[in-house]
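The values are calculated or read from the model by the stated rules, or taken from the named source; none is laboratory data. Quantities reported herein were computed from a predicted structural model and do not represent experimental measurements. So basically every Cβ, Gly included, is an ideal-geometry build from the backbone, and we count neighbours across all protein chains shown. Accessible surface areas use protein heavy atoms only, side chains included; no ligands, DNA or RNA. Shrake-Rupley method; radii C 1.70, N 1.55, O 1.52, S 1.80 Å.
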Amino acid sequence: MVDIKLYGASWCPDCRRAKKFLADQRVPYEWHDIESDPDGVRVVQERNDGKNTIPTIIFPDGSHLAEPSNEELAEKIGLERVAMQHVYDLIIIGGGPAGLTTAIYAARENLETLIVDSKGLGGQAGITERLDNYPGFPDGIGGADLADRFVKQAERYGVETLQAVSVTSVTDDGHRELDVETATGDHYHARAVLLATGSSYRRTDAEGEEDLIGAGIHFCATCDGPFYRGSEELMVIGGGNSGLEEGLFLAQFTNRVTIVEQGDALRGSRLLQDKVLNHPKIEIQLRHGVKAFRSKDDGSGKLGAVLVEDLASGEVIERHPAGVFVFIGLDPNTGFLQGLVSLDERGFIVTDPMFMTNVPGIFAAGDVRQGSTKQLASAVGEGAAVAIQIRGYLDRMEASA
Ligand SMILES: Cc1cc2nc3c(=O)[nH]c(=O)nc-3n(C[C@H](O)[C@H](O)[C@H](O)COP(=O)(O)OP(=O)(O)OC[C@H]3O[C@@H](n4cnc5c(N)ncnc54)[C@H](O)[C@@H]3O)c2cc1C
(Lines give C-alpha, C1' and ligand atoms only; values in the text may rest on other atoms or scores of the structure.)
Protein backbone atom coordinates (compact mmCIF):
# COMPACT_ATOMS: atom_id res chain seq x y z
CA MET A 1 0.00 0.00 0.00
CA VAL A 2 1.29 3.48 -0.86
CA ASP A 3 0.69 5.97 1.93
CA ILE A 4 2.94 8.89 0.99
CA LYS A 5 1.57 11.30 -1.60
CA LEU A 6 4.03 13.52 -3.44
CA TYR A 7 2.54 16.53 -5.29
CA GLY A 8 4.71 18.28 -7.87
CA ALA A 9 5.39 18.91 -11.54
CA SER A 10 7.70 17.20 -14.03
CA TRP A 11 9.73 20.40 -14.66
CA CYS A 12 10.41 21.05 -10.95
CA PRO A 13 14.01 20.05 -9.95
CA ASP A 14 13.15 19.87 -6.22
CA CYS A 15 10.31 17.48 -7.02
CA ARG A 16 12.70 15.25 -8.97
CA ARG A 17 15.16 15.36 -6.04
CA ALA A 18 12.44 14.37 -3.54
CA LYS A 19 11.22 11.55 -5.84
CA LYS A 20 14.77 10.28 -6.22
CA PHE A 21 15.38 10.42 -2.47
CA LEU A 22 12.29 8.34 -1.69
CA ALA A 23 13.06 5.90 -4.52
CA ASP A 24 16.67 5.55 -3.32
CA GLN A 25 15.42 4.61 0.16
CA ARG A 26 12.89 2.27 -1.47
CA VAL A 27 10.03 4.17 0.19
CA PRO A 28 6.84 3.77 -1.89
CA TYR A 29 4.95 6.94 -2.78
CA GLU A 30 2.14 8.06 -5.05
CA TRP A 31 3.11 10.74 -7.57
CA HIS A 32 0.59 13.48 -8.40
CA ASP A 33 1.54 15.78 -11.27
CA ILE A 34 -0.40 18.94 -10.46
CA GLU A 35 -0.28 20.04 -14.09
CA SER A 36 -2.50 17.16 -15.16
CA ASP A 37 -4.41 16.78 -11.89
CA PRO A 38 -6.58 19.81 -10.96
CA ASP A 39 -7.43 18.17 -7.64
CA GLY A 40 -3.68 18.10 -6.93
CA VAL A 41 -3.51 21.90 -7.28
CA ARG A 42 -6.33 22.23 -4.76
CA VAL A 43 -4.55 19.94 -2.26
CA VAL A 44 -1.25 21.84 -2.62
CA GLN A 45 -2.93 25.23 -2.18
CA GLU A 46 -4.93 24.06 0.83
CA ARG A 47 -1.74 22.88 2.53
CA ASN A 48 0.29 26.01 1.72
CA ASP A 49 -1.99 28.99 2.46
CA GLY A 50 -3.14 29.28 -1.14
CA LYS A 51 0.37 28.98 -2.61
CA ASN A 52 1.50 26.47 -5.24
CA THR A 53 4.50 25.27 -3.20
CA ILE A 54 5.97 22.07 -4.66
CA PRO A 55 6.97 19.48 -3.84
CA THR A 56 4.35 19.10 -1.14
CA ILE A 57 4.54 15.69 0.48
CA ILE A 58 1.69 14.32 2.59
CA PHE A 59 2.48 11.52 5.06
CA PRO A 60 0.24 8.71 6.39
CA ASP A 61 -0.29 10.55 9.71
CA GLY A 62 -1.83 13.48 7.79
CA SER A 63 1.15 15.82 8.28
CA HIS A 64 2.99 17.34 5.33
CA LEU A 65 6.31 18.86 4.33
CA ALA A 66 6.62 21.57 1.69
CA GLU A 67 9.90 21.82 -0.25
CA PRO A 68 11.74 19.61 2.28
CA SER A 69 15.49 19.06 2.13
CA ASN A 70 16.78 15.47 1.97
CA GLU A 71 17.75 15.80 5.65
CA GLU A 72 14.18 16.79 6.62
CA LEU A 73 12.82 13.89 4.58
CA ALA A 74 15.26 11.43 6.19
CA GLU A 75 14.17 12.56 9.65
CA LYS A 76 10.50 12.35 8.74
CA ILE A 77 10.70 8.76 7.47
CA GLY A 78 12.70 7.75 10.54
CA LEU A 79 16.12 7.05 9.06
CA GLU A 80 18.96 6.68 11.57
CA ARG A 81 21.81 8.89 10.38
CA VAL A 82 24.20 8.77 13.35
CA ALA A 83 25.77 5.52 14.55
CA MET A 84 25.58 4.27 18.14
CA GLN A 85 29.31 4.22 18.76
CA HIS A 86 32.45 5.70 17.28
CA VAL A 87 34.77 2.71 17.06
CA TYR A 88 34.05 -0.55 15.22
CA ASP A 89 36.11 -3.56 14.16
CA LEU A 90 34.94 -3.12 10.58
CA ILE A 91 33.26 -0.29 8.71
CA ILE A 92 31.67 -1.22 5.40
CA ILE A 93 31.08 1.62 2.96
CA GLY A 94 28.21 0.62 0.68
CA GLY A 95 25.28 -1.57 1.67
CA GLY A 96 24.76 -3.41 -1.61
CA PRO A 97 25.01 -7.20 -2.02
CA ALA A 98 28.81 -7.21 -1.54
CA GLY A 99 28.76 -5.06 1.61
CA LEU A 100 25.78 -6.84 3.15
CA THR A 101 27.30 -10.28 2.56
CA THR A 102 30.58 -9.22 4.18
CA ALA A 103 28.58 -7.84 7.10
CA ILE A 104 26.73 -11.13 7.61
CA TYR A 105 30.00 -13.08 7.64
CA ALA A 106 31.82 -10.56 9.84
CA ALA A 107 29.05 -10.23 12.41
CA ARG A 108 28.79 -14.01 12.70
CA GLU A 109 32.48 -13.87 13.67
CA ASN A 110 31.59 -11.34 16.39
CA LEU A 111 33.23 -8.42 14.62
CA GLU A 112 31.51 -5.16 15.52
CA THR A 113 30.37 -4.02 12.12
CA LEU A 114 28.87 -0.78 10.79
CA ILE A 115 27.49 -0.38 7.26
CA VAL A 116 27.11 3.13 5.86
CA ASP A 117 25.12 3.65 2.66
CA SER A 118 24.49 6.92 0.86
CA LYS A 119 21.10 5.69 -0.38
CA GLY A 120 18.99 2.74 0.75
CA LEU A 121 20.39 -0.67 1.72
CA GLY A 122 20.39 -3.28 -1.06
CA GLY A 123 22.37 -1.33 -3.65
CA GLN A 124 21.59 -1.87 -7.30
CA ALA A 125 19.96 -5.20 -6.52
CA GLY A 126 17.39 -3.41 -4.38
CA ILE A 127 16.23 -1.26 -7.27
CA THR A 128 16.09 -4.10 -9.79
CA GLU A 129 12.59 -5.15 -10.78
CA ARG A 130 13.35 -8.87 -11.05
CA LEU A 131 16.44 -11.06 -10.74
CA ASP A 132 16.29 -14.25 -12.73
CA ASN A 133 19.87 -15.52 -12.56
CA TYR A 134 20.54 -15.48 -8.83
CA PRO A 135 20.99 -19.10 -7.70
CA GLY A 136 18.44 -20.55 -5.30
CA PHE A 137 15.39 -18.82 -6.73
CA PRO A 138 14.18 -21.01 -9.62
CA ASP A 139 11.24 -18.68 -10.34
CA GLY A 140 13.32 -15.51 -9.98
CA ILE A 141 12.96 -12.98 -7.15
CA GLY A 142 12.10 -9.29 -6.93
CA GLY A 143 15.21 -7.17 -6.29
CA ALA A 144 13.64 -5.33 -3.33
CA ASP A 145 12.56 -8.64 -1.79
CA LEU A 146 16.07 -10.10 -2.09
CA ALA A 147 17.62 -6.92 -0.69
CA ASP A 148 15.24 -7.02 2.31
CA ARG A 149 16.33 -10.62 2.99
CA PHE A 150 20.02 -9.60 2.93
CA VAL A 151 19.31 -6.72 5.33
CA LYS A 152 17.24 -8.84 7.75
CA GLN A 153 19.96 -11.49 7.84
CA ALA A 154 22.63 -8.86 8.57
CA GLU A 155 20.51 -7.22 11.28
CA ARG A 156 19.82 -10.62 12.86
CA TYR A 157 23.56 -10.84 13.59
CA GLY A 158 23.68 -7.35 15.06
CA VAL A 159 25.11 -5.36 12.16
CA GLU A 160 24.46 -1.66 12.60
CA THR A 161 23.32 0.20 9.49
CA LEU A 162 23.11 3.83 8.45
CA GLN A 163 21.17 4.90 5.34
CA ALA A 164 21.06 8.16 3.41
CA VAL A 165 24.55 8.94 4.77
CA SER A 166 27.40 9.35 2.28
CA VAL A 167 30.97 8.69 3.24
CA THR A 168 32.98 11.68 2.14
CA SER A 169 36.49 10.56 3.03
CA VAL A 170 38.60 7.81 4.53
CA THR A 171 41.89 8.71 6.20
CA ASP A 172 44.72 6.48 7.29
CA ASP A 173 46.15 8.10 10.42
CA GLY A 174 49.10 5.69 10.41
CA HIS A 175 48.20 4.46 13.92
CA ARG A 176 46.50 1.22 12.95
CA GLU A 177 43.10 2.91 12.82
CA LEU A 178 41.23 4.31 9.84
CA ASP A 179 39.01 7.36 10.07
CA VAL A 180 35.75 7.39 8.09
CA GLU A 181 34.04 10.76 7.72
CA THR A 182 30.40 11.09 6.65
CA ALA A 183 28.40 13.90 5.08
CA THR A 184 26.71 14.44 8.46
CA GLY A 185 30.14 15.54 9.76
CA ASP A 186 30.55 12.47 11.99
CA HIS A 187 33.80 10.49 12.26
CA TYR A 188 33.96 6.74 12.86
CA HIS A 189 37.04 4.62 13.42
CA ALA A 190 37.89 1.01 12.60
CA ARG A 191 40.89 -1.21 12.14
CA ALA A 192 39.50 -2.45 8.81
CA VAL A 193 37.39 -0.74 6.15
CA LEU A 194 35.66 -2.37 3.19
CA LEU A 195 35.00 -0.28 0.10
CA ALA A 196 31.88 -1.76 -1.54
CA THR A 197 30.44 1.30 -3.21
CA GLY A 198 29.59 -0.32 -6.55
CA SER A 199 29.35 1.55 -9.78
CA SER A 200 26.68 3.56 -11.58
CA TYR A 201 25.46 3.00 -15.09
CA ARG A 202 25.48 6.26 -17.01
CA ARG A 203 21.99 7.34 -17.95
CA THR A 204 20.75 9.17 -21.00
CA ASP A 205 19.01 11.75 -18.74
CA ALA A 206 16.23 11.90 -21.34
CA GLU A 207 12.79 12.82 -20.02
CA GLY A 208 10.86 9.86 -18.55
CA GLU A 209 13.94 7.65 -18.07
CA GLU A 210 13.99 7.62 -14.26
CA ASP A 211 10.42 6.30 -13.93
CA LEU A 212 10.89 3.50 -16.49
CA ILE A 213 14.10 1.93 -15.23
CA GLY A 214 13.34 -1.77 -14.80
CA ALA A 215 10.00 -1.28 -16.58
CA GLY A 216 11.34 -1.33 -20.14
CA ILE A 217 14.67 0.48 -19.68
CA HIS A 218 17.62 -1.71 -18.68
CA PHE A 219 21.39 -1.61 -18.22
CA CYS A 220 22.27 -5.31 -18.31
CA ALA A 221 21.49 -7.55 -21.30
CA THR A 222 22.60 -10.77 -19.55
CA CYS A 223 20.23 -9.95 -16.71
CA ASP A 224 17.16 -8.72 -18.56
CA GLY A 225 17.52 -9.73 -22.25
CA PRO A 226 15.78 -13.12 -21.78
CA PHE A 227 12.58 -11.34 -20.66
CA TYR A 228 12.18 -10.19 -24.28
CA ARG A 229 12.29 -13.60 -25.97
CA GLY A 230 10.05 -13.48 -29.05
CA SER A 231 9.71 -9.68 -29.11
CA GLU A 232 9.50 -7.62 -32.30
CA GLU A 233 12.20 -5.02 -31.55
CA LEU A 234 14.75 -4.09 -28.89
CA MET A 235 16.70 -0.84 -28.86
CA VAL A 236 20.31 -0.42 -27.72
CA ILE A 237 21.58 3.06 -26.86
CA GLY A 238 25.32 3.43 -27.46
CA GLY A 239 27.56 2.22 -30.27
CA GLY A 240 30.71 1.48 -28.26
CA ASN A 241 32.10 -1.96 -27.43
CA SER A 242 29.44 -2.69 -24.76
CA GLY A 243 26.56 -1.55 -26.97
CA LEU A 244 27.73 -3.68 -29.90
CA GLU A 245 28.48 -6.75 -27.80
CA GLU A 246 25.18 -6.56 -25.98
CA GLY A 247 23.32 -5.80 -29.23
CA LEU A 248 24.69 -9.04 -30.70
CA PHE A 249 23.68 -10.89 -27.54
CA LEU A 250 20.15 -9.43 -27.58
CA ALA A 251 19.61 -10.41 -31.23
CA GLN A 252 18.94 -14.00 -30.14
CA PHE A 253 15.79 -12.92 -28.28
CA THR A 254 14.14 -10.57 -30.75
CA ASN A 255 13.42 -10.03 -34.44
CA ARG A 256 15.23 -6.70 -34.68
CA VAL A 257 17.83 -4.80 -32.67
CA THR A 258 18.21 -1.09 -33.37
CA ILE A 259 21.47 0.42 -32.15
CA VAL A 260 21.21 4.18 -31.67
CA GLU A 261 24.53 6.09 -31.62
CA GLN A 262 24.82 9.85 -31.47
CA GLY A 263 28.22 10.04 -33.17
CA ASP A 264 29.05 9.85 -36.86
CA ALA A 265 30.39 6.31 -36.57
CA LEU A 266 30.27 3.25 -34.34
CA ARG A 267 32.98 3.32 -31.66
CA GLY A 268 33.45 -0.39 -30.91
CA SER A 269 36.33 -2.60 -32.12
CA ARG A 270 36.64 -3.30 -35.86
CA LEU A 271 35.76 -6.97 -35.29
CA LEU A 272 32.57 -6.12 -33.39
CA GLN A 273 31.61 -3.50 -35.96
CA ASP A 274 31.93 -6.07 -38.77
CA LYS A 275 29.79 -8.56 -36.87
CA VAL A 276 27.09 -5.97 -36.17
CA LEU A 277 27.08 -4.49 -39.67
CA ASN A 278 26.70 -7.96 -41.23
CA HIS A 279 24.05 -9.15 -38.81
CA PRO A 280 20.67 -9.61 -40.51
CA LYS A 281 18.70 -8.57 -37.41
CA ILE A 282 20.69 -5.44 -36.48
CA GLU A 283 19.98 -1.94 -37.75
CA ILE A 284 22.23 1.04 -36.95
CA GLN A 285 21.04 4.62 -36.51
CA LEU A 286 24.01 6.99 -36.43
CA ARG A 287 23.69 10.67 -35.48
CA HIS A 288 20.52 9.93 -33.49
CA GLY A 289 19.83 10.45 -29.78
CA VAL A 290 17.02 9.68 -27.38
CA LYS A 291 14.88 12.70 -26.62
CA ALA A 292 12.27 11.16 -24.32
CA PHE A 293 10.79 7.93 -23.04
CA ARG A 294 7.01 7.61 -22.70
CA SER A 295 4.95 5.18 -20.58
CA LYS A 296 2.08 3.13 -21.98
CA ASP A 297 -1.36 4.77 -21.66
CA ASP A 298 -2.80 1.67 -19.98
CA GLY A 299 -1.58 2.70 -16.51
CA SER A 300 0.84 -0.27 -16.34
CA GLY A 301 3.79 2.08 -15.87
CA LYS A 302 5.72 0.19 -18.56
CA LEU A 303 7.68 1.63 -21.47
CA GLY A 304 5.36 2.57 -24.35
CA ALA A 305 7.43 4.65 -26.77
CA VAL A 306 10.86 6.16 -27.35
CA LEU A 307 11.24 9.54 -29.06
CA VAL A 308 14.43 9.39 -31.12
CA GLU A 309 15.85 12.58 -32.59
CA ASP A 310 17.78 12.82 -35.86
CA LEU A 311 20.56 15.10 -34.58
CA ALA A 312 21.28 16.50 -38.06
CA SER A 313 17.73 17.46 -39.10
CA GLY A 314 16.07 17.74 -35.67
CA GLU A 315 13.28 15.42 -36.84
CA VAL A 316 11.80 13.34 -33.98
CA ILE A 317 10.53 9.84 -34.68
CA GLU A 318 8.42 7.78 -32.29
CA ARG A 319 9.57 4.16 -31.94
CA HIS A 320 7.97 1.30 -30.04
CA PRO A 321 10.66 -1.21 -29.03
CA ALA A 322 9.65 -3.78 -26.41
CA GLY A 323 12.69 -2.77 -24.35
CA VAL A 324 15.62 -0.35 -24.36
CA PHE A 325 19.14 -1.23 -23.19
CA VAL A 326 21.42 1.68 -22.32
CA PHE A 327 25.18 1.12 -22.70
CA ILE A 328 26.83 4.50 -22.55
CA GLY A 329 29.34 3.73 -19.81
CA LEU A 330 29.75 2.71 -16.22
CA ASP A 331 31.36 4.87 -13.53
CA PRO A 332 32.74 3.40 -10.30
CA ASN A 333 31.62 5.24 -7.16
CA THR A 334 35.14 6.16 -6.10
CA GLY A 335 35.15 9.97 -6.34
CA PHE A 336 35.66 10.28 -2.57
CA LEU A 337 38.72 8.00 -2.64
CA GLN A 338 41.02 10.03 -4.89
CA GLY A 339 44.53 9.95 -3.50
CA LEU A 340 43.75 7.32 -0.88
CA VAL A 341 43.96 3.96 -2.68
CA SER A 342 45.23 2.93 -6.12
CA LEU A 343 42.60 3.27 -8.83
CA ASP A 344 42.90 2.11 -12.44
CA GLU A 345 42.51 4.52 -15.38
CA ARG A 346 38.71 4.13 -15.25
CA GLY A 347 38.56 4.76 -11.50
CA PHE A 348 37.99 1.15 -10.36
CA ILE A 349 39.82 0.07 -7.17
CA VAL A 350 42.91 -2.08 -7.65
CA THR A 351 43.29 -4.91 -5.12
CA ASP A 352 45.63 -7.83 -4.57
CA PRO A 353 44.28 -11.41 -4.81
CA MET A 354 43.28 -11.13 -1.12
CA PHE A 355 41.00 -8.14 -1.97
CA MET A 356 43.29 -5.69 -0.10
CA THR A 357 44.09 -2.31 -1.62
CA ASN A 358 47.56 -0.77 -1.46
CA VAL A 359 46.61 0.67 1.97
CA PRO A 360 46.82 -1.96 4.76
CA GLY A 361 43.40 -2.55 6.32
CA ILE A 362 41.43 -1.12 3.39
CA PHE A 363 39.74 -3.80 1.29
CA ALA A 364 37.44 -3.63 -1.75
CA ALA A 365 34.84 -6.00 -3.16
CA GLY A 366 31.99 -6.09 -5.68
CA ASP A 367 31.32 -3.92 -8.71
CA VAL A 368 33.71 -1.18 -7.57
CA ARG A 369 36.72 -3.49 -7.80
CA GLN A 370 38.87 -3.64 -10.93
CA GLY A 371 38.10 -6.85 -12.82
CA SER A 372 34.73 -7.52 -11.15
CA THR A 373 32.05 -9.04 -13.37
CA LYS A 374 29.16 -6.70 -12.47
CA GLN A 375 26.90 -9.55 -11.49
CA LEU A 376 25.01 -10.02 -8.25
CA ALA A 377 26.23 -13.56 -7.56
CA SER A 378 29.83 -12.40 -8.05
CA ALA A 379 29.32 -9.44 -5.69
CA VAL A 380 27.95 -11.79 -3.02
CA GLY A 381 30.86 -14.21 -3.60
CA GLU A 382 33.41 -11.41 -3.30
CA GLY A 383 31.64 -10.22 -0.13
CA ALA A 384 32.08 -13.63 1.48
CA ALA A 385 35.67 -13.99 0.31
CA VAL A 386 36.73 -10.56 1.54
CA ALA A 387 35.12 -11.16 4.96
CA ILE A 388 37.42 -14.13 5.46
CA GLN A 389 40.44 -12.07 4.43
CA ILE A 390 39.45 -9.26 6.80
CA ARG A 391 39.09 -11.74 9.68
CA GLY A 392 42.60 -13.03 8.97
CA TYR A 393 44.00 -9.49 8.74
CA LEU A 394 42.46 -8.48 12.09
CA ASP A 395 43.74 -11.67 13.74
CA ARG A 396 47.26 -10.94 12.48
CA MET A 397 47.04 -7.36 13.76
CA GLU A 398 45.90 -8.54 17.15
CA ALA A 399 48.67 -11.12 17.33
CA SER A 400 51.31 -8.51 16.52
CA ALA A 401 49.98 -5.89 18.97
C1 LIG B 1 18.92 -2.20 -13.32
C2 LIG B 1 19.91 -3.27 -12.94
C3 LIG B 1 19.57 -4.60 -13.11
C4 LIG B 1 20.46 -5.61 -12.75
N5 LIG B 1 20.09 -6.91 -12.91
C6 LIG B 1 20.93 -7.89 -12.55
C7 LIG B 1 20.55 -9.26 -12.70
O8 LIG B 1 19.46 -9.57 -13.18
N9 LIG B 1 21.47 -10.22 -12.34
C10 LIG B 1 22.71 -9.91 -11.85
O11 LIG B 1 23.48 -10.83 -11.52
N12 LIG B 1 23.08 -8.62 -11.69
C13 LIG B 1 22.23 -7.61 -12.03
N14 LIG B 1 22.61 -6.30 -11.89
C15 LIG B 1 23.95 -6.02 -11.34
C16 LIG B 1 23.97 -6.20 -9.79
O17 LIG B 1 22.88 -5.52 -9.20
C18 LIG B 1 25.30 -5.68 -9.27
O19 LIG B 1 26.33 -6.44 -9.84
C20 LIG B 1 25.40 -5.76 -7.73
O21 LIG B 1 24.35 -5.04 -7.11
C22 LIG B 1 26.74 -5.18 -7.28
O23 LIG B 1 26.78 -5.19 -5.89
P24 LIG B 1 27.76 -4.24 -5.08
O25 LIG B 1 27.44 -4.47 -3.64
O26 LIG B 1 29.14 -4.43 -5.54
O27 LIG B 1 27.39 -2.75 -5.51
P28 LIG B 1 25.97 -1.94 -5.50
O29 LIG B 1 24.81 -2.87 -5.60
O30 LIG B 1 26.16 -0.92 -6.56
O31 LIG B 1 25.96 -1.27 -4.07
C32 LIG B 1 26.83 -0.23 -3.74
C33 LIG B 1 26.22 0.62 -2.63
O34 LIG B 1 27.19 1.59 -2.23
C35 LIG B 1 26.52 2.80 -1.92
N36 LIG B 1 27.47 3.91 -2.03
C37 LIG B 1 28.07 4.41 -3.16
N38 LIG B 1 28.90 5.43 -2.83
C39 LIG B 1 28.81 5.59 -1.46
C40 LIG B 1 29.42 6.48 -0.52
N41 LIG B 1 30.29 7.43 -0.89
N42 LIG B 1 29.07 6.36 0.78
C43 LIG B 1 28.22 5.40 1.19
N44 LIG B 1 27.61 4.53 0.34
C45 LIG B 1 27.91 4.62 -0.96
C46 LIG B 1 25.41 2.86 -2.98
O47 LIG B 1 24.33 3.69 -2.52
C48 LIG B 1 24.99 1.39 -3.09
O49 LIG B 1 23.90 1.08 -2.22
C50 LIG B 1 21.75 -5.28 -12.22
C51 LIG B 1 22.09 -3.92 -12.05
C52 LIG B 1 21.18 -2.93 -12.38
C53 LIG B 1 21.54 -1.48 -12.18
Would segment 284-295 turn up any residue that is in contact with a His (Cβ under 9 Å, 6 or more places away or on another chain) and in contact (Cβ under 8 Å) with a residue 40 or more places away in the chain? no
Checked against (1) at pLDDT below 95; (2) touching a helix residue (DSSP H, G or I) at 6+ places or on another chain (Cβ under 8 Å), residue 170 satisfies every condition except (1)
With the requirement that a residue be at pLDDT 95 or above and of a type in the set (A, V, I, L, M, F, W, C), what does segment 377-397 give you? 377, 379, 380, 384, 385, 386, 387, 388, 390, 394
Residue pairs meeting the criteria (Cβ under 7 Å; at least 6 apart or on separate chains; first of a type in the set (Phe, Trp, Tyr), in segment 139-157; second more than 12 Å from the ligand (Cβ to nearest atom) and modelled with pLDDT of 90 or more): 157/104; 157/107; 157/108
Having 2 or more residues that are acidic (Asp, Glu) is the bar; report the strands (runs of 3 or more DSSP E) wholly within segment 299-349 that clear it. 303-310
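Yes or no, residue by residue, for (1) more than 15 Å from the ligand (Cβ to nearest atom); (2) more than 27 Å from residue 225 (Cβ to Cβ); (3) out of contact with any strand residue (DSSP E or B) (no Cβ under 8 Å at 6 or more places or on another chain); (4) touching a residue at least 12 places away in the same chain (Cβ under 8 Å):
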site	(1), (2), (3), (4)
303	no, no, no, yes
315	yes, yes, no, no
328	no, no, no, yes
366	no, no, yes, yes
370	no, no, no, yes
Within segment 112-150, work out how many residues are in contact with a helix residue (DSSP H, G or I) (Cβ under 7 Å, 6 or more places away or on another chain) and more than 13 Å from the ligand (Cβ to nearest atom). 1
All positions within segment 167-178 that are buried (at least 16 other Cβ atoms within 10 Å of the Cβ) and either within 16 Å of the ligand (Cβ to nearest atom) or under 26 Å from residue 79 (Cα atoms) (or both): 167, 170, 178
Can you tell me which of (1) closer than 24 Å to residue 89 by Cα; (2) within 13 Å of the ligand (Cβ to nearest atom); (3) open to solvent by less than 30 Å² (accessible area, probe 1.4 Å) is the one residue 390 doesn't meet? (2)
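Yes/no per residue for (1) in a loop (DSSP other than H, G, I, E, B); (2) of a type in the set (A, V, I, L, M); (3) open to solvent by 60 Å² or more (accessible area, probe 1.4 Å):
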| position | (1), (2), (3) |
| --- | --- |
| 5 | no, no, yes |
| 16 | no, no, yes |
| 22 | no, yes, no |
| 36 | yes, no, yes |
| 81 | yes, no, no |
| 99 | no, no, no |
| 106 | no, yes, no |
| 111 | yes, yes, no |
Kindly indicate whether any position in segment 220-237 is within 30 Å of residue 85 (Cβ to Cβ), open to solvent by 20 Å² or more (accessible area, probe 1.4 Å) and more than 15 Å from the ligand (Cβ to nearest atom). no
Within segment 134-158, residues part of a helix (DSSP H, G or I), out of contact with any strand residue (DSSP E or B) (no Cβ under 8 Å at 6 or more places or on another chain) and open to solvent by 60 Å² or more (accessible area, probe 1.4 Å) come out as 145, 148, 149, 152, 153, 156
For residue 123, the lone unmet condition from (1) within 20 Å of the chain's Cα centre (by Cα); (2) touching a residue at least 60 places away in the same chain (Cβ under 8 Å); (3) open to solvent by less than 20 Å² (accessible area, probe 1.4 Å) is (3)
For the structure I just gave you, tell me whether residue 75 is under 27 Å from the mean Cα position of the chain (by Cα), among the acidic types (Asp, Glu) and either within 15 Å of the ligand (Cβ to nearest atom) or closer than 22 Å to residue 374 by Cβ (or both). no
Matching residues, segment 179-199, being part of a strand (DSSP E or B), within 14 Å of the ligand (Cβ to nearest atom) and open to solvent by less than 50 Å² (accessible area, probe 1.4 Å): 180, 182, 188, 193, 194, 195, 199
